């Protein structure tokens, strides 16, 4: 079975050594990172997008495509 895109992204970040470099993505840290510019801004935008995706998934409930098997 193919991995989901987020799992691929996580694996790539582990290989590159960038996983967790931004720390806990709070709104304050994201603003500061975007203001700083450069690589920090890229990480801040990425963290912001991941938070947005997580919020949508949480709001939606379950992950798309997964269902409980009927008995």
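Yes/no matrix, rows are residues, columns are (1) assigned to a helix (DSSP H, G or I); (2) loosely packed, with under 11 Cβ neighbours inside 10 Å:
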| site | (1), (2) |
| --- | --- |
| 21 | no, no |
| 29 | yes, no |
| 42 | yes, no |
| 45 | yes, no |
| 52 | yes, yes |
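Restricting attention to segment 1-19, report how many residues are without any contact (Cβ under 8 Å) to a residue 12 or more places away in the chain and not in a helix (DSSP H, G or I).
6
Where a number appears in this text, it was derived from the coordinates with a stated rule and is not lab data. Keep in mind that what you see is a predicted model, and the values were worked out from it rather than measured. Please note: Cβ atoms are built from the backbone with ideal geometry, for glycine as well, and neighbour counts cover all protein chains shown.
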